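Report on the structure given below.
The values are calculated or read from the model by the stated rules, or taken from the named source; none is laboratory data. Note that the coordinates shown come from a computational prediction; the quantities given were computed from them, not determined experimentally. Note: ideal-geometry Cβ built from the backbone for every residue, glycine included; neighbour counts use all protein chains shown.
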Amino acid sequence: MRINNFEEYQQAYKKSVEDPEGFWGEIANEFVWKKPFDKVLEWNFEEPNVKWFLGGKLNITENCLDRHVENKPQQTAIIWEPNDPSDEAVSLTYKVLHERVCRFANVLKKHGIKKGDRVCIYMPMIPELVVSVLACARIGAIHSVVFGGFSAKSISDRINDSQCKMVITSDGAVRGTKSIPMKETVDDAIVTCPSVEKVIVATRTRTPVSMIKGRDYWWEDEIKKVSADCPAEEMDAEDPLFILYTSGSTGKPKGVVHTCGGYMVYTTYSFVNAFQYNPGEVYFCTADIGWITGHSYIAYGPLAAGAINVMFEGVPTYPDAGRFWDIVDKHKVNIFYTAPTAIRALMGNGLEYLEGKDLSSLKVLGTVGEPINEEAWQWYHKYIGKEKCPIVDTWWQTETGGFMITPLAHITKTKPSYATLPLPGIQPALMDENGNEIEGNDVSGNLCIKFPWPSIIRTTWGDHERCKQVYFSSYPGKYFTGDGCLRDEDGYYRITGRVDDVINVSGHRIGTAEVEDALNMHLGVVESAVVGFPHDIKGQGIYAYMIMDKPVEDGEMLKKDILATVTRIIGPIAKPDHILFVNGLPKTRSGKIMRRILRKIAEGDVSNLGDTSTLLDPAVVDEIKAKVGLA
Ligand code: WTA
């Protein structure tokens, strides 16, 4: 599966297009299957219906754990770096991780969890999180990890959507100087979740938590009662592996479903090739497992590849803005993967935090989550990579499961702010406004993918029609990404950002509709409209225009109250950076909010608002402009 030079990349790419089944079949055969697959691919993008490795039976944990335990039991699988640097880091070998996973898998079974059941995981970045994820996979339970920063309401919506029978959490979490309740938030969430029968609680902070008899159990007690022997459940290649909720343009977050076989093959293949991972190298991805990056490139891909994985509990700025570099120095990290927002934040803190840090172990740098601006790219390249480490700018999505367009480290010539070239198996298409594919180079359009790859989204949980509508109906016969993209004269791809109503805040996807729904729940709010605007550190910030039912007196206090509501309904990541109270919103005669205008005003640019003649009441725009001092 390993590509070693650019020529091999070109050959692999060619083969993947001409003979996709032969191409992926060969790669898939490098994994451990309980029963070989009969057919590589069956698909149509109309329903959509995509199946990879049909008839194949496997368990992904045998590939992530058992096969390494056989070959290299003493190799480190995970180095856990705690929030507080004076606490000791913990190393888990593949053998130890395997034991812990099996033991916890038996706890799940003992508490009635079976193949196909859904389990919600709401945990901080502690080893028990990876153990929980893999233990679910071990017995064929479908995990639904909810990022630890989401509110009780967000957790309960997700639990109810997929009817989780169990929640795995911890008493509390520590992030920087903050101590955060976890179990308490779960308690609030499950008041409205009748499907939840059991809650398992791992200790992290040993803060007081309520433990309800017959429902709540301590992790540490339960693992003592079971054996460490747990055979891996036989899974069909197309059985669901997990659900991960993500935001879109409309409605509530949807549960993206990934399946066992294709996801395993693709995350491993893309990990090994994009980062050019060599056995024994230390890899550090700073993402949280609550997001897809942590699923694919902490939990599954690297472990399936037998990598040494650094897992970090804390934040980049605690105890100071040199923490990432301390970790790189301390654990001699070879491959470092983070988000542009983190780079920009650290860049803003100055070079003094790099002093005395030995970064010479670094070979490859990566970024993900949002377009990386040239300034951040150059800083990362110069000061972190010392101009010798390629920057692998990986473009992909929750729905794609793995990297789509990315350089191969040391193989693809990089170019600042370009994700460069598609991985083998990925066939991008740029589309014009009439729905036609734009051929040739030096063009831009909406980014679609023409052919399935093994880790493509299979469905949205409980609502296949929604999957079809959102991803497969804008451009019939193609998967639509929601991103705008340009292809330059060299055929290199550069992602320009979302073309829909999704805001990318610090690399986190937030739907404008979701934030509006939360704002509208606040007392006295008549209507609201949310747009993204360029933000120096976060990439995009959230700008909210709000109409209240009476004139606003203490605006500052009211804003704080509104932010408290958003925090309670979604979580702190969805809090608007700006709130502007207005008397009206620019709407068309059919009642549609013209977000284009609101975006321009939020950007502070009203030089060209475009055609406003279709507005029901053009005076609204003047009023808003006057309010922000742009009139
Ligand atoms: C954006 C994160 C530019 C894009 C893995 C995409 C990027 C959305 C990049 C998916 C990148 C991700 N360059 N934009 N390298 N990577 N994006 O689902 O808009 O959280 O559609 O997956 O992030 O976000 P998601």
Residue match in the range 4-11 (condition: hydrophobic (A, V, I, L, M, F, W, C), under 30 Å from CYS230 (Cα atoms) and in contact (Cβ under 8 Å) with a residue 40 or more places away in the chain): no
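Quickly run through the range 275-293 and pick out the residues that are over 22 Å from TRP325 (Cα atoms) and either out of contact with any helix residue (DSSP H, G or I) (no Cβ under 7 Å at 6 or more places or on another chain) or free of Cβ contacts under 8 Å to residues at least 40 places away in the same chain (or both). Please lay out each step first, then the result.
Filtering the range 275-293 down to residues over 22 Å from TRP325 (Cα atoms) leaves 279, 290-292.
Scanning the range 275-293 gives PRO279, GLY290, TRP291.
Can you confirm whether SER154 is in contact with a helix residue (DSSP H, G or I) (Cβ under 8 Å, 6 or more places away or on another chain), in the same structural domain as TRP80 (by TED's automatic domain parsing), among the polar types (S, T, N, Q) and in contact (Cβ under 8 Å) with a residue 40 or more places away in the chain? Before you say what the answer is, go through the steps one by one.
On the way: in contact with a helix residue (DSSP H, G or I) (Cβ under 8 Å, 6 or more places away or on another chain): yes; in the same structural domain as TRP80 (by TED's automatic domain parsing): yes; among the polar types (S, T, N, Q): yes; in contact (Cβ under 8 Å) with a residue 40 or more places away in the chain: yes.
Yes.
Tally time: how many residues in the range 520-534 are in a strand (DSSP E or B) and farther than 13 Å from LYS575 by Cα? Reasoning before the result, please.
Step one: list which residues in the range 520-534 are in a strand (DSSP E or B), which gives 525-534.
With farther than 13 Å from LYS575 by Cα added as a condition, the list becomes 525-529, 533-534.
Total meeting the criteria: 7.
When you look at THR192, is it over 30 Å from PRO316 (Cβ atoms) and hydroxyl-bearing (Ser, Thr, Tyr), yes or no?
Yes, satisfied.
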Listing of helices (runs of 4 or more DSSP H) fully contained in the range 1-85 that carry 3 or more residues being closer than 30 Å to VAL131 by Cα and in the same structural domain as ASP288 (by TED's automatic domain parsing): 20-28, 67-71
Residue count, the range 363-388 (criterion: touching a Cys at 6+ places or on another chain (Cβ under 9 Å) and over 24 Å from ARG498 (Cβ atoms)): 4
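Filter the range 574-596 for residues that are among the β-branched types (Val, Ile, Thr), at pLDDT 95 or above and not in a loop (DSSP other than H, G, I, E, B) and give the result. Full working, then the answer.
Filtering the range 574-596 down to residues among the β-branched types (Val, Ile, Thr) leaves 579, 582, 588, 593.
If we keep only those that are at pLDDT 95 or above as well, we get 579, 582.
ILE579, the sole residue that qualifies.
Which residue, of LYS415, LYS386, is within 15 Å of the ligand (Cβ to nearest atom) and outside the structural domain of PRO534 (by TED's automatic domain parsing)?
Answer to the selection: LYS415.
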Residues within the range 228-266 that are in contact (Cβ under 8 Å) with a residue 60 or more places away in the chain, away from the ligand (no atom under 16 Å from the Cβ) and either more than 27 Å from PHE150 (Cβ to Cβ) or touching a Phe, Trp or Tyr at 6+ places or on another chain (Cβ under 7 Å) (or both), tallied: 15
Residue within the range 101-114 that is in contact with a Gly (Cβ under 6 Å, 6 or more places away or on another chain) and either surrounded by 15 or more Cβ atoms within 10 Å (Cβ to Cβ) or not in a helix (DSSP H, G or I) (or both) present: no
Condition check for VAL368: at pLDDT 95 or above and surrounded by 24 or more Cβ atoms within 10 Å (Cβ to Cβ): yes
Output for the range 331-365, where each listed residue is crowded, with 16+ Cβ neighbours inside 10 Å and over 19 Å from CYS389 (Cα atoms): THR341, ALA345, TYR353
Unmet criterion (only one of (1) touching a residue at least 40 places away in the same chain (Cβ under 8 Å); (2) more than 16 Å from the ligand (Cβ to nearest atom)) for VAL364: (2)
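Looking for something assigned to a loop (DSSP other than H, G, I, E, B) and under 19 Å from the mean Cα position of the chain (by Cα) - is there at least one such residue anywhere in the range 206-222? Explain how you work it out, then say what you get.
The initial filter retains those residues of the range 206-222 that are assigned to a loop (DSSP other than H, G, I, E, B), namely 206-215.
Restricting the remaining residues to those that are under 19 Å from the mean Cα position of the chain (by Cα) gives none.
The answer is no; no qualifying residue exists.
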Failed condition for ARG589, given (1) under 18 Å from GLY532 (Cα atoms); (2) touching a residue at least 24 places away in the same chain (Cβ under 8 Å): (1)
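Is it the case that ARG599 is modelled with pLDDT of 90 or more and in contact with a Ser or Thr (Cβ under 8 Å, 6 or more places away or on another chain)? Outline the logic, then answer.
Numbers: modelled with pLDDT of 90 or more: yes; in contact with a Ser or Thr (Cβ under 8 Å, 6 or more places away or on another chain): no.
No, not satisfied.
Filtering the range 443-484 down to residues that are closer than 12 Å to ALA429 by Cα and either in the same structural domain as GLY401 (by TED's automatic domain parsing) or among the aliphatic types (A, V, I, L, M) (or both), which residue is farthest from the ligand (Cβ to nearest atom)?
Of all residues in the range 443-484, those closer than 12 Å to ALA429 by Cα come to 443-451, 475, 477-481, 483-484.
With the extra rule that they be either in the same structural domain as GLY401 (by TED's automatic domain parsing) or among the aliphatic types (A, V, I, L, M) (or both), the set shrinks to 443, 447, 449.
Numbers: VAL443: 18, LEU447: 9, ILE449: 12 Å.
That would be VAL443.
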Flag if ILE570 is in contact with a helix residue (DSSP H, G or I) (Cβ under 6 Å, 6 or more places away or on another chain) and either assigned by TED's automatic domain parsing to the domain that holds GLU374 or within 30 Å of ASN446 (Cα to Cα) (or both): yes
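Can you tell me which residue among VAL146, VAL107, VAL131 is among the hydrophobic types (A, V, I, L, M, F, W, C) and farther than 29 Å from PRO73 by Cα?
Numbers: VAL107 fails: farther than 29 Å from PRO73 by Cα; VAL131 fails: farther than 29 Å from PRO73 by Cα.
Of VAL146, VAL107, VAL131, the one residue that is among the hydrophobic types (A, V, I, L, M, F, W, C) and farther than 29 Å from PRO73 by Cα is VAL146.
Looking only at helices (runs of 4 or more DSSP H) that fall completely inside the range 243-354, which ones have 1 or more residues that are modelled with pLDDT under 95 and farther than 30 Å from GLY56 by Cα?
On the way: elements: 260-274, 301-304, 323-331, 340-348.
The qualifying helices (runs of 4 or more DSSP H) are 340-348.
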Lone qualifier among GLY524, GLY541, GLY511, GLY532 - being free of Cβ contacts under 8 Å to residues at least 40 places away in the same chain and more than 17 Å from PHE581 (Cβ to Cβ): GLY541
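Quick check, is VAL196 in a loop (DSSP other than H, G, I, E, B) and over 30 Å from GLY401 (Cβ atoms)? It would help to see each step written out before you state the result.
On the way: in a loop (DSSP other than H, G, I, E, B): yes; over 30 Å from GLY401 (Cβ atoms): no.
So VAL196 does not fit the description; no.
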Failed item, numbered, when GLY176 is tested on (1) touching an Asp or Glu at 6+ places or on another chain (Cβ under 7 Å); (2) at positive phi; (3) surrounded by 13 or more Cβ atoms within 10 Å (Cβ to Cβ): (1)
Conditions (1) farther than 24 Å from THR293 by Cα; (2) surrounded by fewer than 18 Cβ atoms within 10 Å (Cβ to Cβ); (3) out of contact with any Leu (no Cβ under 9 Å at 6 or more places or on another chain); number of the one not met by LYS450: (1)
Set GLN378, GLN397: member being at pLDDT 95 or above, within 10 Å of the ligand (Cβ to nearest atom) and surrounded by fewer than 24 Cβ atoms within 10 Å (Cβ to Cβ): GLN397
Residue list for the range 485-517, filter: of a type in the set (Gly, Ala, Ser) and near the ligand (Cβ under 9 Å from one of its atoms): GLY497, GLY507
